[in-house]
Amino acid sequence: MAILRGLVVTVLSSLLLAPLLKLLQNRTEPPVIILAQDQSASIRAALSKTDSVTYMKSLDDLYNNLSKKYEVHRIGFGQEVKELAANASWTLNDQASDLGEFMTYVDEQYRGQNVGAVIVASDGAINRGKSPLYIPLIQKAPLYAVALGDTIRKTDLQIKDVYHNSIVYLGDKFPLQVDLSAVRLKGATTSLEIKQILDNNDVLIEKIPITIDADPWFTTKDIIIEAKQSGVLRYRVSVAQVKNEVTYLNNVRDFFVEVIDGRLNVLLLANSPHPDLAVWKSALLSQRNYEVDIRMASDMSLDQLKKYDLVILHQLPSVKNPIPTILNELDKKVLQGFL
């Protein structure tokens with residue numbers, strides 16, 4: 001019993017003294033190697049069938065050799081950035097190449113991890129997103145570039161960017177900015193066309209003749225378009241093809257603009273004709289988003305009142321026109337949130 005009591009007192013004393021227990025565990029993690037491949041169609045177009053097979057085999061051999069000592073992650077970037085499984089194939093058929101998005105992805109997804117190296121294989125033909133020159137790479141790991149493709153500049157005319165409003169009001173005029181560029185086409189002539197696509201019919205809005213007077217060449221064209229109908233409208237920007245271009249896919253760009261009919265129906269309801277009514281109507285119509293009607297109270301019915309968003313009373317109610325039914329209807333519309 002004395003021994004048992006001694007053990008109990010010892011344990012209780014140890015617990016009261018709150019001993020600090022430390023457990024040290026060491027774990028060794030191999031560095032992460034990021035193997036990234038540009039999956040745009042320009043890579044496939046630049047390689048012959050034999051070179052493409054040889055290159056893909058070399059890429060797989062590199063992955064297998066690195067996997068013996070490191071944790072290798074395969075990442076493809078083109079229209080989007082996605083991580084590929086070990087047995088997945090590189091597709092090389094994307095219509096865009098966004099290297100800036102890939103760099104942002106690496107910094108966000110691998111921050112704080114033990115990244116040993118970043119290997120990027122690309123032809124540098126970037127046609128989407130931010131320029132990688134202006135994106136700081138937070139990762140301290142070395143970056144290795146594998147240059148692919150043909151170093152000869154390709155003869156090409158393309159629409160670089162199209163800037164426009166996404167939402168406009170009916171009847172408004174909105175600006176359209178089109179950036180064009182060309183390589184190895186000095187002295188050539190072409191034309192820029194802006195069309196609206198209506199029920200599969202092309203309605204020409206404007207056609208601008210263009211002369212390419214430099215190499216490389218870049219210009220910006222500003223066009224004003226009037227929104228003549230409401231709804232989601234489809235427009236097409238295109239430059240006429242020039243002989244010997246490497247591709248004509250980048251000569252056309254479609255964009256969509258939502259046109260909102262935001263006009264409010266305003267009623268000037270008067271007791272009798274008055275010069276002020278014409279002045280008020282003129283002031284409201286100067287805003288372009290108002291449609292204004294002038295009506296006499298004696299000719300107004302409740303059914304006609306329903307189509308208006310705002311009713312302005314002039315010298316009403318009066319002895320001649322007390323308009324009790326109209327006032328009651330307006331009170332209901334206010335309570336229902338229509339005005």
Problem set entry | All strands (runs of 3 or more DSSP E) inside region 146-185 with 2 or more residues being farther than 14 Å from residue 258 by Cα | 156-164, 173-183
Exercise. Which of (1) closer than 22 Å to residue 29 by Cβ; (2) in contact with a Lys or Arg (Cβ under 6 Å, 6 or more places away or on another chain); (3) among the hydroxyl-bearing types (Ser, Thr, Tyr) is the odd one out, the single condition residue 155 does not satisfy?
Worked result: (1)
For this session: May I ask you to say which residue of 254, 222 is exposed (fewer than 12 other Cβ atoms within 10 Å of the Cβ), within 24 Å of the chain's Cα centre (by Cα) and either over 30 Å from residue 186 (Cα atoms) or free of Cβ contacts under 8 Å to residues at least 60 places away in the same chain (or both)?
Result: 222
Exercise. Mind checking which residues of region 105-138 are at pLDDT 85 or above, outside any loop (DSSP other than H, G, I, E, B) and of a type outside the set (Asp, Glu)?
Worked result: 105, 106, 109, 115, 116, 117, 118, 119, 120, 121, 122
Exercise. In contact (Cβ under 8 Å) with a residue 12 or more places away in the chain and out of contact with any strand residue (DSSP E or B) (no Cβ under 6 Å at 6 or more places or on another chain): does that describe residue 291?
Worked result: no
Seminar exercise, completed: Scanning region 92-124 for residues that are within 17 Å of the chain's Cα centre (by Cα) and of a type in the set (Asp, Glu), the one surrounded by the most Cβ atoms within 10 Å (Cβ to Cβ) turns out to be 98
Seminar exercise, completed: Matching residues in region 189-225 (outside any strand (DSSP E or B) and of a type outside the set (D, E, K, R)) number 4
For this session: Output yes when any residue across region 198-213 is among the hydroxyl-bearing types (Ser, Thr, Tyr) and touching a residue at least 60 places away in the same chain (Cβ under 8 Å), and no when none is.
Result: no
Seminar exercise, completed: Restricting attention to region 250-285, the residues that are part of a helix (DSSP H, G or I), touching a strand residue (DSSP E or B) at 6+ places or on another chain (Cβ under 9 Å) and not small (Gly, Ala, Ser) number exactly 8
For this session: Sort out for me the strands (runs of 3 or more DSSP E) sitting completely within region 1-103 that have 3 or more residues that are in the same structural domain as residue 118 (by TED's automatic domain parsing) and over 27 Å from residue 151 (Cβ atoms).
Result: 71-77, 81-84
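The values are calculated or read from the model by the stated rules, or taken from the named source; none is laboratory data. For clarity, every value in this text was computed on a predicted model and none was experimentally measured. We place every Cβ from the backbone using ideal geometry, glycine too, and count neighbours over all the protein chains shown.
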